[in-house]
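What follows draws every value from the coordinates through simple rules; no lab data is involved. All of these numbers come straight from a predicted model, not from anything done at the bench. Quick reminder, even Gly has a Cβ in these numbers, built from the backbone with ideal geometry, and neighbours come from all protein chains shown.
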Amino acid sequence: MSGTFNNSDGDNPIGIFDSGIGGLTVASAICKKLPGERLVYFGDTAHLPYGDKSPDSIKYYSIRISQLLLQKKCKMIVIACNTASALAYETVKDFVGKQALVVNVIDPVVEEVLRQKRLHRIGVIGTKGTVKSDIYARKLKAGNSKLHVESLATPLLVGMIEEGFFNNKISRTIIADYLSRSRLKKIDSLILACTHFPLIKPEIEEYYNGKVEVIDSAKVVAESVSELLNKKKLISSQKKTVHQFFVSDFTRSFERSTKFFFRKKIQLQELGIWK
Ligand code: DGL
């Protein structure tokens, strides 16, 4: 045992949750960075999308899912969803207390943008919940009051991605419609403030053709998870790991996406935590 947390055995798993497949972008980046870590993933597909739910509902879902991840002995909970990170991070942290570490997907991205001194006019796209919270603008400006931040809710993108509509004519049309809005006209960088969006990052980069830096959370969050686990001496010593994937409502598309990300046979189980 090391650290001061209840679940603080390095060989305990990392719990990760999102409303659906978006958090898999973060999970697979963590898996690449830390191949010895065992992951327990929960996709709350019964409540997808989170983006248009009330803050109270998001807090309620996040607490129940965190409770489940704690029961699975997770040493760390990664809120791999911007909407839940924006609306429920403090609530989850209070609830989890000293039982495990809690990481959100917003702070590592904000820190990364603040480090890159050449970025001044930052665009943010995300769900209605994330954009309404104004959390990116608040945090970025707290770090550098000279930054100009413009946020735009792009609610169609999550459903489009969950349904596998990317890299085609429809996705390119919807993406171009959102990105051409006047609010995003003069940006030098765009934060993909939704963990689903790395899946359409190539299309977004293609739209900007190198003129705008496109920043997503997957890699930076994996870096920060690694730093924190190292700092707390909670890195796993296991050689072989078997991840577990749970959903609150089974869908074939989720199973396909999970296989796509992890490129091996995966165990996907439905867990009726809301029934
Ligand atoms: N992937 C999530 C996010 O980062 C949730 C999207 C949704 O369910 O609306 O916000």
Packing rank of 92-98, 57-63, 40-46, where each peptide gets the mean count of other beta carbons within 10 Å, highest leading
40-46, 57-63, 92-98
Distance from a point 7 Å along Cα→Cβ of residue 6 to each backbone N in the stretch 64-88: keep the residues under 20 Å and list them by number.
64-79
In nm, give the distance between the simple-model label positions of residue 205 and residue 227, each being 7 Å from the Cα along the Cα-to-Cβ direction.
2.3 nm
Mind jotting down the distance between the C-alpha centroids of the stretch 102-152 and the stretch 163-221, whole Å?
16 Å
Once amide H atoms are placed 1.01 Å from N in the peptide plane, what residues at a sequence separation of 5 or more from residue 40, or on another chain, have their amide H within under 5 Å of its amide H?
14, 15, 16, 244
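Give me the extension gain from residue 73 to residue 273: residue separation times 0.36 nm, minus the current Cα-Cα distance, reported in nm with one decimal.
Contour length minus the Cα-Cα distance gives 70.3 nm.
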Karplus couplings for the stretch 225-230 from phi (6.51 cos²θ - 1.76 cosθ + 1.60, θ = phi - 60°), rounded to Hz, Gly and Pro as x?
4, 4, 4, 5, 5, 5
Using a 10 Å cut-off around each Cβ, can you sort 47, 120 from fewest to most neighbouring Cβ atoms?
120, 47
Given all pairs of distinct Cα atoms, the stretch 150-212 yields a Kirkwood Rh in Å of 11.9 Å
Once every DSSP H run of n ≥ 4 in the chain is given -39500 (n - 2.57) and the sum is divided by its residues, what mean residue ellipticity at 222 nm do you get, rounded to the nearest 500 deg cm²/dmol?
-13000 deg cm²/dmol
Could you give the alpha-carbon Rg of the stretch 176-275 over 2.2 N^0.38 Å, rounded to two decimals?
1.44
Residue 263-residue 93 pseudo-label distance in nm [points 7 Å out on the Cα-to-Cβ vector]
3.6 nm
Phi angles of the stretch 73-88, converted by Karplus (6.51 cos²θ - 1.76 cosθ + 1.60, θ = phi - 60°) into ³J(HN,Hα) in whole Hz with x for Gly and Pro, give 6, 5, 7, 8, 10, 9, 7, 8, 8, 5, 4, 5, 5, 6, 9, 10
Simple label model, 7 Å out from Cα along Cβ direction - residue 116 to residue 57, nm
3.3 nm
Long-range amide H contacts for residue 101: which residues qualify at under 5 Å (H placed 1.01 Å from N, peptide plane, sequence gap of 5 or more or a different chain)?
76, 77
Can you put 31, 74 in order, fewest other beta carbons within 10 Å first?
31, 74
Radius of gyration and Dmax for the chain's Cα atoms, expressed in Å?
17.9, 54
Quick one: which residues, 5 or more positions from residue 268 or on another chain, have an amide H under 5 Å from its amide H? H modelled 1.01 Å from N in the peptide plane, none for Pro or chain starts.
none
